[in-house]
Structure formats: C-alpha cells, structure tokens
Amino acid sequence: MNVDEKINEVFTPISDAIQSVIFYSLKIGDAELPLIVLWLIAAAVLFTIYFGVIQFRGFGHALNLVAGKYDEPEHIGEVTHFQALATAVSGTVGLGNIAGVAVAISVGGPGATFWMITAGLLGMCSKFAECTLGVKYRRENDDGSISGGPMYYLSRGLAAKGLGGLGAVLAVVFAVCAIGGSLGGGNMFQANQAFAQTKEVTGGSDGLLGFSGAGAVFGVVLAVLVGAVILGGIRSIARVTSKLVPFMAIFYVTACFIVFAFNLGSIPDAIDSIFDGAFTAAGVTGGVIGALITGFQRAAFSNEAGVGSAAIAHSAVQTNEPVTEGYVALLEPFIDTVVICTMTALVIVITGVYQQEGVEGVALTSDAFKSVIPWFPAVLSIAVLLFAYSTMLAWSYYGAKATAYLFKESRRADLAFKLVFCLFVVVGSSTSLDPVIGFSDAMIFAMSIPNLIGVYLLAPVIKRELNNYRGKLRTGEIAPIRSKA
Amino acid sequence: MSAVFLVGVDSSAASSRAAVFVTERARAERAAVVVAHVVPWSPFGATTTEENERRHPTREAELARGKRDIAAPAAEAIRVVGVDVQAVVRHGHPAQTLCDLAEEHEVTQLVVGRTGETRLRAALFGSVPSSLVQISPVPVTVVP
C-alpha cells in the first residue's frame, strides 16, 4: 500500500462519520433531501422576502459603492469597498466554480444548472445580511486593526439583545466549524482538485505525476507554498496572487465564450436541456428534487452564502454605514455563481461531455474545454492552481481568525493551526475525491447552523440599519462624492 | 491674490532640488508654499486579507512617517528662510493628488523634481512629472 492509499484509508471513515451527522436527510421519493440544504435555501428565501428583494433593488447602488462614488475624501488610504469585495471574491472564486459545477452536473444533470443559478440569486441576500452584521459588530483591537465576522456578531450582537449566553455558545460552535471548513472546503478540496488537474495535463497515470505517492509529493510542494505565506509571512506571494486572480477569472470567462462561439448550434439544445432537466429531470436519480438539491448544494459550496465566511473578509472595510458593505457583498454570489459557475455549467452542457461515464470533477470541465481548445487544459491547470491557492490563503485566514477567537489570540494556537493547515494540504491531495468532497461539504455547511441562527435573530437590526441608510440617501445626507476624473 | 507654490516631495535628490528651487522663487515673489508628499495608493489596488485587517494602523503609520521623515523636514528648511509654508501628506495617485491639492490650496504654480525615468520605464509605468504636465490645472515647473 502506498502513501496515498494509506492516507485515504485513515481519512475515509472520519469523513463518512462527520457527513452522516451533518447531512441527515429526508427521503422524498428517490431523492434524499439533506436538511442542511433546506436550511440554507429557507434562509435565502426568507431574507429575500424580509429585505424586499434587495439583491435586485440594490444592485445598481452596490455597483456605485464599489466604483467608489460614495467614498469619503477623509478616508482616502483606508480599505475601500472595492478592495473588501475583491479580497472576499478571490477567496470565494475557487475550485467550487470549476470542479464543483462539474460535480453538480454529473450528479444532478443539466437541470442542476438552473437551480444553481437560482440559488446564487437567492444567496445574494444571505450574503447581504451576514456582511452587514460583520461590519456592524466588528471589533477594533487596541492596535487599531479590525477583527470581524460571525464570531463577533454572534457574541456581541446577541449580547446586545440580551442573549449573551446563546451568542457566546453559537460563536464558539461557529469558530469550531470554521476551522473544520477551512481545513475541508478551503483546503483539502482545493488541494485535491489542483492535483487531479495537474496530473491530468501532465499525462495522467502514465505521466509525470502518475507514480504512486505522487499526490503526497504534490501536496508537500503545495504545502510549502502555502506555508511560505502563512507561516513564513512572505506577503509578496499573496499580493501577486491577489493581483493575478481577477485576470485569471476574466481569462476563464473569455475562454468560456470561445467555447460557446464554437458550439453556437448546440446552444438552444443545451438551454433546452437545462430547463427540461430543472423541471422534469429525465434520467437523474431523484428527479427534479435530485437536480434541485445538487444545484443548491454546489452553489452554496461555491459562493458560501449563509456560511458566514465572507463576513470575516468584508468586515475590514472603511465605512460609517455597515449596510453599505452588505450591498457590496451581494455582488459576490452574483460574480461567483450567477456569472462564473454558470459559465462552467454551460461549457459542460453545451459540449455534452457530461454524458461520458467515469469522468468527474475538474477532469470533466477540462474535457469540455479540450473539445474546443485542445491546449486549454494546460491553461486551465494554471487557473486551477491559482484559484486553489488563493482560496487556500483566504480560508487559512478565516481558520486563523476562528482559532484566534477560540484561544484568545494565542500565538501558540495560531502557529498550531497553521501547521495543521499545511498538513491538511498533503492529506487533501493524497485522498480520493469522494471522502474529500464529503468532509469539505459537511464542515462548510455546518458553519451555516450557528451563523444563520444568529442572522435570523439579528435580522431586525439589519432591517433598521437598511431603513436608516435608505432614509439618509433619500434626504441627501449621504450623496455621491463628486467624481474625480 | 498672492502666489502659492506647491512642491511635491519624496525622498529623492531631485525632489530636494525642487524644494530649493521653490524656496528661492517663493522668497523672491513673497509667495506661500505648500509642501506635499503623496503616499502612492489606489482605491482599486489588490490587497490581502491580513493587509485589510491592519490597513487602518498601517495608513496612520504611513501618514506619520511621511510627515516626520519627508514633508516636515522639507517644510522646515523652507520656513527657516522666512517663507510661509505648510506640509501635507496624503494617499493617492501621485499626479492626481498633487492636482487635487493644488485646487484645494488655490495654488498658482506646481513644482516637482524630474524623476529621470528611462524611456522604457516611462512608457511602462508613466512618470509623475509627465502626467502632471497633462492634467495640472496650473502651470507646472519640472526641476532637473
């Protein structure tokens, strides 16, 4: 037995056990509806109603905020709305967008695409809510730095409502789950799929990375690169990565359009099969419900709406009005799911590659591109590595903040977490896809339990903030700053 | 309206020459001087999560350092010859920010040192004096 197989053997039962708890499911016909998915959908729908479809009504205002039209001159040099959004997006746009979508379509059929987009549109409102709270209840530390995220709005926000005990418990549960999520979806899944794609383009099982134990070797290299930033403090790598990710995303979307252009004839059929699949789900296990669940699950995994992670990244923004960052944050699921995930889905459906047996995850996406642009898998692997890397850096930060919260900013705990994080890079790239996806999903979804309980309880606070802010916009107390060319 | 000169300073030798030039002109014309140091920054620049978290104290430190090490000493050297002078430090795009300051302080002339970029560097990254010449609301003097 080689290293990879050994790691796999140890890890699989752990993953299975965690999954069976988090993904407790109800049987509906042939389909299994995990309650946790229902939990996320219900929250997104309720928030959409409660905040009056803010994701559509506030979309234009969100764009103006990101463009800096409301930036106060005295805040020049602080974190702008654009920067907060860009950092959060580079953490969210990861392999969920490339590999996760492929998983959705292999399991849920083309119809899953429709439900994924729906989930993305609804999720915008969950993100609006949690990021408003993230800014509202952030903590300014003694040295002037900012700590924010669900840990803080759960503990401080609920305490302000007289629910301090519940808030403290939820904050701790959230922090524990966030550490799990950062090791799972934010780390292992990324490492796993980055390895899968690199192996694929270097010649598969007969190629450069075909030898036994290659996953572990790849994992060690990746772990060193991650460690260089999070342990070695080499910021320049992180900065270069955050500069490259937006370009890569634009490049990726462009490549998708090229694939569309070469398959113009199949587009009507593809769209047909997406709608058909969404409402009739021919040939998919579990029918419509099966397609719906898969779509929602992959969307949530990709855009993390309701999970609470993004609230950590968004909370550093400079603003006097917490709700402005809520507006900006609602763009995140839009960019991530409604734009990028949809592009991947269309590429897979249009090229028809999802009908082949035995190809899963990122390999499926890669095949879809290869059918039009033969050299694209090589570029895709660069994108995959980059997205994976930036997502890992972002999640290592979320995990470290959760650790800091649990262990009262202990330096030793911080170092321990970061070492474990690097170790999990190796585990992730050595293990096969299924247990990794299972564990990653379970931990990321688990975060949504304490997070959304808190957001529900604090929803009236968000509503009040929103109404106040709208009032100020109406009276002109808050108005666009004269734009400086 | 009396003349107000604005001089852009950084830690370069060229900017010191610009400051000397301004001092002489201001003394001769009984003009006031604004000494400005711009910390390069863009609202659309790429940042990391850690940088964002620490941005506020970092910004304060950048402003304090800019004032202490660059703007204040330059202003002091001008003040000792009896010219009315004030020092400003601000974040932003250097050329654009100097123009904004010029408008805010009703400046009549802008003075900067020549950066002496090679053609290639200037083509790739531009240079503060050449962009200033294009966008400044007031006459610009570039000191070699």
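The values are calculated or read from the model by the stated rules, or taken from the named source; none is laboratory data. From a predicted model like this one, the values you see are computed outputs, not experimental measurements. As a convention, Cβ positions derive from the backbone with ideal geometry for all residues, glycine included, and neighbour counts pool all protein chains shown. Keep in mind that these areas ignore ligands, DNA and RNA; they rest on the heavy atoms of the full protein, side chains included. Shrake-Rupley method; radii C 1.70, N 1.55, O 1.52, S 1.80 Å.
Being within 15 Å of the chain's Cα centre (by Cα) and either open to solvent by 30 Å² or more (accessible area, probe 1.4 Å) or at pLDDT 90 or above (or both), is that true of even one residue in region B:40-50?
The answer is yes, given that some residue of region B:40-50 is within 15 Å of the chain's Cα centre (by Cα) and either open to solvent by 30 Å² or more (accessible area, probe 1.4 Å) or at pLDDT 90 or above (or both).
Identify the single condition in (1) at pLDDT below 90; (2) touching a strand residue (DSSP E or B) at 6+ places or on another chain (Cβ under 9 Å); (3) of a type outside the set (D, E, K, R) that A:ALA104 does not satisfy, given that it satisfies every other one.
Here A:ALA104 clears every test but (2).
When you go through A:ILE289, A:ILE312 one by one, which is the residue that is surrounded by fewer than 22 Cβ atoms within 10 Å (Cβ to Cβ) and either within 14 Å of chain B (Cβ to nearest Cβ) or on the phi < 0 side of the Ramachandran plot (or both)?
Going through A:ILE289, A:ILE312 in turn, the sole match is A:ILE289.
For region A:99-115, does any single residue satisfy the condition of being over 17 Å from the mean Cα position of the chain (by Cα), in a loop (DSSP other than H, G, I, E, B) and in contact (Cβ under 8 Å) with a residue 24 or more places away in the chain?
Yes, region A:99-115 contains at least one residue that is over 17 Å from the mean Cα position of the chain (by Cα), in a loop (DSSP other than H, G, I, E, B) and in contact (Cβ under 8 Å) with a residue 24 or more places away in the chain.
Filtering region A:63-81 down to residues that are in a helix (DSSP H, G or I) and within 26 Å of B:ARG54 (Cβ to Cβ), which residue is most open to solvent (accessible area, probe 1.4 Å)?
Ranking the candidates gives A:GLU74 first.
Kindly evaluate A:LEU121 against the criterion of being under 15 Å from the mean Cα position of the chain (by Cα), open to solvent by 40 Å² or more (accessible area, probe 1.4 Å) and aliphatic (A, V, I, L, M).
Judged against the criteria, A:LEU121 is a match.
Do the conditions hold for A:SER381, that is, is it surrounded by fewer than 24 Cβ atoms within 10 Å (Cβ to Cβ) and under 18 Å from A:PHE195 (Cβ atoms)?
When the stated conditions are applied, A:SER381 passes them.
Restricting the search to region A:319-355, which residues are among the charged types (D, E, K, R) and within 18 Å of A:ILE271 (Cβ to Cβ)?
Matches in region A:319-355: none.
Working only within region A:1-25, note down all residues that are open to solvent by 40 Å² or more (accessible area, probe 1.4 Å), modelled with pLDDT of 80 or more and outside any helix (DSSP H, G or I).
A:TYR24
If you check every pair at least six apart or on different chains, which have Cβ atoms under 8 Å apart with a residue in region A:390-409 that is free of Cβ contacts under 8 Å to residues at least 60 places away in the same chain and within 11 Å of chain B (Cβ to nearest Cβ) first and a residue that is among the β-branched types (Val, Ile, Thr) and surrounded by 24 or more Cβ atoms within 10 Å (Cβ to Cβ) second?
Pairs found: none.
Here is a yes/no grid of residues against (1) open to solvent by 70 Å² or more (accessible area, probe 1.4 Å); (2) more than 10 Å from chain B (Cβ to nearest Cβ); (3) at positive phi:
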{"position": "A:ALA223", "(1), (2), (3)": "no, yes, no"}
{"position": "A:VAL229", "(1), (2), (3)": "no, no, no"}
{"position": "A:VAL240", "(1), (2), (3)": "yes, no, no"}
{"position": "A:ILE250", "(1), (2), (3)": "yes, yes, no"}
{"position": "A:ALA261", "(1), (2), (3)": "no, yes, no"}
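Is one or more of the residues making up region A:450-472 part of a helix (DSSP H, G or I), among the hydroxyl-bearing types (Ser, Thr, Tyr) and farther than 20 Å from A:GLU325 by Cβ?
no
Mind checking whether some residue in region A:271-284 is within 14 Å of chain B (Cβ to nearest Cβ), polar (S, T, N, Q), open to solvent by less than 50 Å² (accessible area, probe 1.4 Å) and in contact with a helix residue (DSSP H, G or I) (Cβ under 8 Å, 6 or more places away or on another chain)?
Checked region A:271-284: no residue is within 14 Å of chain B (Cβ to nearest Cβ), polar (S, T, N, Q), open to solvent by less than 50 Å² (accessible area, probe 1.4 Å) and in contact with a helix residue (DSSP H, G or I) (Cβ under 8 Å, 6 or more places away or on another chain).
Given the structure, is A:GLY165 assigned to a helix (DSSP H, G or I) and open to solvent by less than 20 Å² (accessible area, probe 1.4 Å)?
no
Just one of (1) within 14 Å of chain B (Cβ to nearest Cβ); (2) open to solvent by less than 70 Å² (accessible area, probe 1.4 Å) trips up A:ALA42, so point out which.
Failed condition: (1).
Checking the condition more than 14 Å from chain B (Cβ to nearest Cβ) and surrounded by fewer than 22 Cβ atoms within 10 Å (Cβ to Cβ), which residue from A:VAL176, A:VAL103 passes?
A:VAL176 is the lone residue from the list that is more than 14 Å from chain B (Cβ to nearest Cβ) and surrounded by fewer than 22 Cβ atoms within 10 Å (Cβ to Cβ).
Being of a type in the set (Asp, Glu) and touching an Asp or Glu at 6+ places or on another chain (Cβ under 8 Å): is that true of A:GLU321 here?
Considered against the rule, which asks whether it is of a type in the set (Asp, Glu) and touching an Asp or Glu at 6+ places or on another chain (Cβ under 8 Å), A:GLU321 comes out as yes.
Out of all the residues in region A:438-447, is one or more part of a helix (DSSP H, G or I), of a type in the set (Gly, Ala, Ser), at negative phi and exposed (fewer than 14 other Cβ atoms within 10 Å of the Cβ)?
No, region A:438-447 has no match at all.
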